[in-house]
1. Given charges of +1 on the Cβ of Lys and Arg and -1 on the Cβ of Asp and Glu, with all other atoms neutral, how large is the dipole of segment 130-217 about its Cα centre, in debye to the nearest 20?
2. Hey, rough spin-label estimate for THR307 and LEU68, points 7 angstrom out along Cα→Cβ, what's it come to in nanometres?
3. May I have the pair-distance distribution P(r) for segment 448-543, computed from all Cα-Cα distances with 10 Å bins from 0 and rounded to whole percent?
4. Using only Cα positions of the chain, each an equal point scatterer, no hydration layer, compute I(q)/I(0) via Debye at q = 0.06, 0.08, 0.09 Å⁻¹ and quote the log10 values to two decimals.
5. Find, among the trypsin sites (Lys or Arg not before Pro) in segment 83-164, those assigned to loop by DSSP (not H, G, I, E, B) with at most 13 other beta-carbon atoms within 10 angstrom.
6. Short version: what are the Cα gyration tensor semi-axes of segment 260-334, square root of 5 times each eigenvalue, largest first, in whole Å?
7. With all protein chains present, calculate the accessible area of HIS390 using a 1.4 Å probe and round the result to the nearest 10 Å².
8. I'd like the Kirkwood hydrodynamic radius of segment 372-475, using the inverse of the mean 1/r over distinct C-alpha pairs, in Å.
Amino acid sequence: MRELIELPVWKTLVTHQQEIADQHMRDWFAEDPQRFSRYSLQVDEILFDYSRNRITDKTMTLLHELALTAELRKKITALFAGEPVNKTEKRAALHTALRDKRQTRIDVNGTNIATLIAAAREKMQRMVGAVHSYQWRGVTGKPITHLVSMGVGGSYLGPMMCTHALKAFAVSTLPCYFISGIDDGYMMEVLAKINPETTLFIIASKSFTTLETMANARTMGTWLTDKLGADVLAKQFIAVTAALDRAREFGIPDEHILPLWDWVGGRYSIWSSMGLPLALCIGNQRFTEFLDGAYAMDQHFLQAPFTANIPVLLALLSIWYVNFFDSHAQAIVPYTKQLRYLTPYLQQTEMESNGKSVDLNGDSINYLTGSVVFGEEGTNGQHAYHQLLHQSQRLIPVDFILVGKHAQPSLDASQDILVASGLSQAAALMCGKTYTAVQAELLAAHFSLSEANYLAPHKVIPGNKPSNILFLDQLTPKNLGALLALYEHKVFAQGAIWNINSFDQWGVELGKQLLPDILALLQGVPFSQSLDAATMGLIAHFKKIKAR
Ligand code: F6P
């Protein structure tokens, strides 16, 4: 493929952006009463409304042409077929196989992974069954009453977000605590809440080397063996990992190790044994529904024409703003407390995947990729950062995630307020408020003409700010599965068009490499290599504080 920005369709999109840059969505809606129905579609229990975007039919035609030119269809097929799309690590990215209910045969290194997945799922289901039926006993013979999961990044965000989101579907009352990052204070808090004899500890780490997770696991292991003897590791610890030997070395027996494979990326691993905390919370049946929701979205992504394909449309719209409007950020705003941790989860999906500056061949690229993903549960965000969305000169597209029905019908009344809030924000972002309207409002409120003239510019809301609505009938395991798969595919489609590798994360490695050296220096170990002056200055500052 020719370099992206040299493609004729790219150049046409640049010109087209200039043609429509001064047009207002307000006028487009006024001229076309069908705009909502033309630019919205329903897939199963998710309605996708993209009518409030800076797009015309011509925009969409050109964006689709861009997708075709980038051979997106071929790349999607390659992803699902298990081709080594993660080129730098020579790996497939087969999270879709984890939820493939047809168990399609895919051979990786001579093994049909469908059988590996089925065996791991069965093992996880047996574990969940043993805990729920009180057959799983701790080292002193008592049944399990608490769960603690230790992990970070993809080994934490997904399980933590999903167990919170689907609490209403919990079949078990076992409280699950997540320990992520290094903070002894937090660990102490958790330890104060659990009974060590009846707690099951999950070490969730694909690599089983991540510093934070392993430090926490060791602290926890020592604390427990001191209290309950060495057998506790074999009885009350589960490892979810691709590094089976490291887990064994830690003291965890094979029957308590749930496998993972290098063809499952950390941030795409919730569908694997990494989903154990979720399965322990909502049970095996609901966990299967969660996978089925993702599977249905996979089929949509695979089969729907690009013009009616939600992940593809989301990706194209995002590319439209990032590359043609120079937009640097993307807000994802769920209007339900249950999804309060969704944005950090999707932050990893998008930013760890697409924050790249070379293409698949390793050549520098001269266009932006990725976005700064941020956001907060809607009604909180409205009173914090939405001001900048409405009145700054920046263009920050927003995805609003709305839910029609609460899982507990008695709470449906607050659902009305939540949905009304989200719809108000989307309408305000699009319509804005003109100078004339503001001035008339001020005069009607008996402001003098000079006061009204002074205040009016401050109260003008330009509008024309784009947003999408993803409207879920209800937040069920199935719909959450579909929503997460939808975003995974959006990120993949973006990466495919940008011609980058969305499945590696080398940028994260440098910090990991530097950390042991800096830690050694902080702890007074002499170190020959010289670090930059700022780091050395701050190390000295930290040591001074410690010495006081
Ligand atoms: O932050 C980098 C990263 O490698 C993520 O991609 C991953 O989800 C996280 O660390 C945790 O890794 P592991 O599961 O190997 O502990």
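1. Numbers: 5 positive and 5 negative charges, 71 e Å.
With Lys and Arg at +1 and Asp and Glu at -1, about 340 debye.
2. Placing both labels 7 Å beyond Cα along the Cβ direction yields 1.0 nm.
3. Result returned by the calculation: 11, 18, 14, 16, 24, 14, 3, 0.
4. Debye curve over Cα of the chain, log10 I(q)/I(0) at q = 0.06, 0.08, 0.09 Å⁻¹: -0.34, -0.60, -0.75.
5. Within segment 83-164, the qualifying trypsin sites (Lys or Arg not before Pro) (loop, at most 13 other Cβ atoms within 10 Å) are LYS90, LYS101, ARG102, ARG105.
6. Working: eigenvalues 177, 55, 32 Å².
Sorted largest first and rounded, they come to 30, 17, 13 Å.
7. For HIS390, the solvent-accessible surface is approximately 30 Å².
8. Numbers: mean 1/r = 0.0646 Å⁻¹.
Mean inverse Cα-Cα distance, inverted, gives 15.5 Å.
The values are calculated or read from the model by the stated rules, or taken from the named source; none is laboratory data. Please read all numbers here as calculations on a predicted model, not as lab measurements. For neighbour counting, all protein chains shown are included, and Cβ atoms are generated from backbone atoms with ideal geometry for every residue, glycine included. All accessible areas refer to the heavy atoms of the entire protein, side chains included, with ligands and DNA or RNA removed. Shrake-Rupley method; radii C 1.70, N 1.55, O 1.52, S 1.80 Å.
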